[in-house]
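Worksheet: the structure to be examined is printed underneath.
Just so it is clear, none of the values below were taken in a lab; they were calculated from the coordinates. What you see is a predicted model, and the numbers here were worked out from it, not measured in a lab. Here Cβ is always computed from backbone atoms with ideal geometry, including for glycine, and neighbour counts include all displayed protein chains.
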Amino acid sequence: YPDVVHGYNLSACKHANGKDWWILNHSLNSKKFYRLLLTKDGISGPWEQAGGPPKKVTDETIGQSVFSPDGTKYACIYSNAGHVCIFDFDRKTGLLSNKVDLDYQIKKDWNIRGVSISPNSRFIYVAADYYMYQFDLFASDIQKSKVLLDQNDGYSLPGWPFYIIFGSSHLA
């Protein structure tokens, strides 16, 4: 299933039963998500769900996806867009719902984006080239909770022709 298990957006979340795992990925060339269920007996699926952001392999898109630590949210980001998609996630069914697109500023000369969610599942961090943002997932209007945490100051390593930028994101 080349559309199911490709590149940057493969993520896993523990099933509500506490034993099995949901594996989720966005389709290579469509707005579909694929989910697989990993149990002690093997892998079931894939099952499709529409409603994701448009993505085409020709965009040379770099993306990242992540589940919140409590498993209630799923977020995905792609380098060809100035927004991150956030969904509610049902750990029993593996289904996504209530899509929210959060917009942020990008520069078109870099093609790297990243997303991570705080350990308490409240804040989402968006790494977008020259900018690092925080959104509050508990806010009644998540978009209005946007805070610019940092931006590129033009620093580059001596002998290195590129600026230091914000890209793929992971919690430390």
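On a full-extension model of 0.36 nm per residue, what is the gain between THR72 and GLN143, subtracting their alpha-carbon distance, rounded to one decimal in nm? Don't skip to the answer; put the middle values down first.
Working: separation 71, 0.36 × 71 = 25.56 nm, distance 1.85 nm.
Gain on stretching THR72 to GLN143: 23.7 nm.
Would you mind getting me the FRET efficiency between ALA50 and ASP153? Use the beta-carbon distance for r and R0 = 45 Å, nearest 0.05. Provide the component values of the computation, followed by the final result.
On the way: r = 41 Å, r/R0 = 0.92.
After rounding, the FRET efficiency stands at 0.65.
If we sort 132-138, 37-43, 64-70, 143-149 on the protection proxy, mean other Cβ atoms within 10 Å, highest first, what's the order? The partial results should precede the final answer.
On the way: 132-138: 18.3, 37-43: 11.0, 64-70: 19.9, 143-149: 13.0.
Per-residue mean Cβ counts within 10 Å order the peptides as 64-70, 132-138, 143-149, 37-43.
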